[in-house]
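Report on the following structure.
Quick note: the coordinates plus some simple rules give every number you see, no bench work behind them. As the structure is a computational prediction, the values presented were derived from the model and not from experiment. Glycine also receives a Cβ, built like all others from the backbone with ideal geometry; neighbour counts cover every protein chain displayed.
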Amino acid sequence: MSHRAGMGLLERRYRAVLRLLPASYRAEREEEMVAAFMEMSGEVPDEVSPRPRWGEIASVLALSLRVRLGGPGATPGQVARGEAVRLVALLGLGTLAAFATAGLIRLAGYGAELSVAGAPESAERLSFISDLAASVLSILAFVTIMRGHVRAAKAAALLGLVPTLACSVLPLVLDGPGRFAPLQDIANLAFVLLPPLALLIGFHGDVAPRRRSWALALAPVAAGAALTGLTTLLIAADATEPLWYFLWLDHGAAIPVWAAASLVMPARRRSPSWALALSATGLALLATRLPLLNALPGALWPTVAVQCALLGTLAVATGGAGVRALARSTRTPAPPAPVRP
C-alpha cells in the first residue's frame with residue numbers, strides 16, 4: 001500500500017490546500033509543510049471530519065501569492081511577473097499623482113468660491129473636500145512608495161480610495177443609474193483602482209523596496225504642474241469650442257508619455273517585466289478612451305480613434321513581446337529575493 005493510500009483525511013485535505021502553491025515550490029516543500037501542519041494539529045480521527053483551519057488556508061494563499069510574485073523560491077518567470085505588478089503600481093500611482101497635482105492646482109486657482117466648493121454642509125462641499133483628500137493621498141502614496149516606505153504608501157492608497165469609491169457609489173444610489181454612462185464610469189473607476197491593488201499585492205513582505213531619488217518621487221508633481229500650465233495657456237487663447245487638442249490634456253496627456261516608454265523601455269531592459277507592465281497600463285488607458293468613441297461629437301472622433309489605435313497597437317505588441325520573453329524564462333529557481341527586515 002502506498003504512502004498516499006494510507007493517509008488520513010486531515011493530511012489529504014492539507015495536501016489539497018497546498019495545491020494552491022506553484023508546482024515548482026510544492027515539489028520542494030510539500031512534505032515539510034504537511035509534516036509541520038500535522039504536528040500542530042495532533043492526532044485527529046477521521047470520524048470527526050477534520051479540516052485545515054481558516055488561518056492555515058489564508059497563510060497558504062498568502063504564501064502562494066508571494067511566490068508567484070517573486071518571493072523566495074520563485075522561478076525567474078515568477079520574479080519577472082512580480083516586477084511587472086510592482087511596475088504597474090508605480091506607473092499607475094505616478095499617473096494618478098500627476099492628475100491629482102493638476103486638479104489641486106486648479107482648485108487652488110478657484111479659491112473657495114461657492115460655485116466650486118459648494119455651500120457649507122452641502123453635498124457639493126462634501127464632494128469638494130473628498131476630492132481634495134483623495135488628491136493629496138494619491139500624491140502621498142506615490143512619493144512614499146518611491147522613497148521605500150511601503151506601509152505608509154499602502155495606507156495612503158487605501159485611504160485615498162475611500163472618498164473615490166464614496167463619490168462613485170453614493171450618487172448612483174441617490175440619483176439612480178440613469179445619470180451615468182456605465183462603460184465610461186466603470187473604466188475610470190478601474191483605472192483608479194488598478195494601481196492601489198497592484199501596490200497591495202506586488203509589494204509583499206518578501207520584497208525589499210528600492211529607495212529612489214526625490215527627483216523621481218516628485219516627477220509627477222512637476223508633470224501635473226506643467227499640464228496645468230499648458231491647459232491654462234490654451235484656455236487663455238480664447239478656445240471657446242472643445243478642440244481636438246483638449247483630448248490630449250486629461251487622461252490623454254499620459255498617452256504620448258506611455259507610448260514613448262513602450263518604444264524605449266522594453267528594448268533597454270532584458271526582463272519582460274517592463275513590457276508586461278506597459279501593456280497592462282496601456283490597456284487600462286485604452287479602456288478609458290474607448291467609451292468616448294460613442295460619446296463625443298463627430299469632429300472629435302478622429303482624435304479619439306487615433307488614441308485608441310495607438311494604445312491598442314502598442315499594448316498588444318508590448319504584451320506579446322513580454323509573454324514570449326516570459327515563456328523563454330528558465331524554470332530553475334531564482335536566487336532568493338532580499339527579505340525586508
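Odds and ends about this structure:
- Proxy reagent accessibility, fewest Cβ within 10 Å first, across Ser41, Ser279: Ser41, Ser279
- Under 5 Å, built H, 5+ apart or other chain: amide partners of His149: none
- A full extension of the chain between Ala27 and Ala237 corresponds to an added length of 68.9 nm, given 0.36 nm per residue minus the alpha carbon distance.
- In terms of surrounding Cβ atoms within a 10 Å radius of their Cβ, Val221, Val143 rank from fewest to most as Val221, Val143.
- Cα gyration tensor shape of region 4-67, rounded if a/c is under 1.5, else prolate or oblate by comparing a/b with b/c: prolate
- Rounded to the nearest Hz, the phi-derived 3J(HN,Hα) couplings of region 35-49 under the Karplus curve 6.51 cos²θ - 1.76 cosθ + 1.60 (θ = phi - 60°) are 4, 5, 5, 5, 5, 6, 7, x, 7, 10, x, 5, 4, 8, 6, where x marks glycine and proline.
- The amide H of Val44, built 1.01 Å from its N in the peptide plane, has no neighbour under 5 Å, considering only residues 5 or more places off or on other chains.
- Cβ-to-Cβ counts within 10 Å put Thr95, Thr281, Thr75 in ascending order as Thr75, Thr95, Thr281, the fewest first.
- Sequentially through region 283-295, phi angles give Karplus couplings (6.51, -1.76, 1.60; θ = phi - 60°) of 5, 5, 5, 4, 4, 7, 9, 4, x, 5, 4, 9, 10 Hz, Gly and Pro residues having no value and appearing as x.
- Rounded if a/c under 1.5, otherwise prolate or oblate - region 207-307, Cα gyration tensor axes: oblate
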